[in-house]
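What follows is a short report on a single structure.
The values are calculated or read from the model by the stated rules, or taken from the named source; none is laboratory data. The shown structure was predicted, so the numbers you read here are calculated from the model rather than taken from an experiment. Backbone-built Cβ (ideal geometry, glycine too); neighbour counts: all protein chains shown.
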């Protein structure tokens, strides 16, 4: 075994501590640490004061994260942004702050404790943890639902270049994004194909929040927003239909 290759026990131990890393990243994202450090490097004491948190505990979290490339601690104990930490800012293109907040948040985090239930009984872990299925939960909790929608936008940013580069959408007049969330993928397709129009189709509560994003992306005048339930019907208004990260949620 070479000096560069850690022993299997060390690799496995690092994996077992994965939840510690995820929750530490979540804490930093939820507190908006990256947004604060965008102003200037700051100490844990300054950050604790601005986030109303316990300084020694916050410092322990912030000391951990540089070991995986998130933030850097300087010799004067000030923390500063790194390229990976930039993704936790809320005001940058491709921000991953919302998906970090969703995946580390209580409702999402708790279901992983019920994975054994799924393996033994075949039911969903989230159903066991919360007594309802995910989209029922999101409908019951508007705040969680809105964060989920923003997280899905965050999740789509990274794939847009590959999607528009690998498929020719220019041959279509209208592209309909089924369960397209707030429309970031559809916006990317339309921006790459200026002659194409789009239809954004999702639940009413989701469609209501899509206007600001479509406007900011400069495509609102080319997108028809339609609300509905794809289990009931899908508008016959397009000659191309896109489903991204949808089919995995449902059985045949």
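Brief remarks follow.
- For residue 79, the criteria (1) free of Cβ contacts under 8 Å to residues at least 24 places away in the same chain; (2) buried (at least 17 other Cβ atoms within 10 Å of the Cβ) hold in every case but one, which is (1).
- Any hit, the range 9-27, residues being surrounded by 17 or more Cβ atoms within 10 Å (Cβ to Cβ), outside the structural domain of residue 112 (by TED's automatic domain parsing) and either more than 25 Å from the chain's Cα centre (by Cα) or free of Cβ contacts under 8 Å to residues at least 60 places away in the same chain (or both): yes
- Set side by side, the residues 49, 90, 75, 57 differ, and just one is at pLDDT 95 or above and part of a loop (DSSP other than H, G, I, E, B), which is 90.
- Filtered residue count, the range 197-207, keeping only those that are touching a helix residue (DSSP H, G or I) at 6+ places or on another chain (Cβ under 6 Å) and either over 10 Å from residue 225 (Cβ atoms) or not assigned by TED's automatic domain parsing to the domain that holds residue 175 (or both): 1
- Of all the listed residues (125, 139), the sole one being surrounded by fewer than 16 Cβ atoms within 10 Å (Cβ to Cβ) and in contact (Cβ under 8 Å) with a residue 12 or more places away in the chain is 139.
- Output for the range 150-169, where each listed residue is buried (at least 17 other Cβ atoms within 10 Å of the Cβ) and either in contact with a strand residue (DSSP E or B) (Cβ under 9 Å, 6 or more places away or on another chain) or more than 30 Å from residue 196 (Cα to Cα) (or both): 169
- Restricting attention to the range 229-252, the residues being touching a helix residue (DSSP H, G or I) at 6+ places or on another chain (Cβ under 9 Å), part of a loop (DSSP other than H, G, I, E, B) and crowded, with 16+ Cβ neighbours inside 10 Å number 1.
- When residues in the range 93-107 are screened for being exposed (fewer than 15 other Cβ atoms within 10 Å of the Cβ) and either modelled with pLDDT of 95 or more or in a loop (DSSP other than H, G, I, E, B) (or both), 2 of them pass.
- Against the list (1) part of a helix (DSSP H, G or I); (2) at pLDDT 95 or above, the condition residue 177 fails is (1).
- Scanning the range 199-222 for residues that are under 23 Å from the mean Cα position of the chain (by Cα) and farther than 27 Å from residue 141 by Cα, we see that the one that is surrounded by the fewest Cβ atoms within 10 Å (Cβ to Cβ) is 218.
- Any hit, the range 36-53, residues being under 23 Å from the mean Cα position of the chain (by Cα) and farther than 29 Å from residue 213 by Cβ: no
- Each residue in the range 120-150 was checked for being in contact with a helix residue (DSSP H, G or I) (Cβ under 6 Å, 6 or more places away or on another chain) and assigned to a helix (DSSP H, G or I), and 14 of them qualify.
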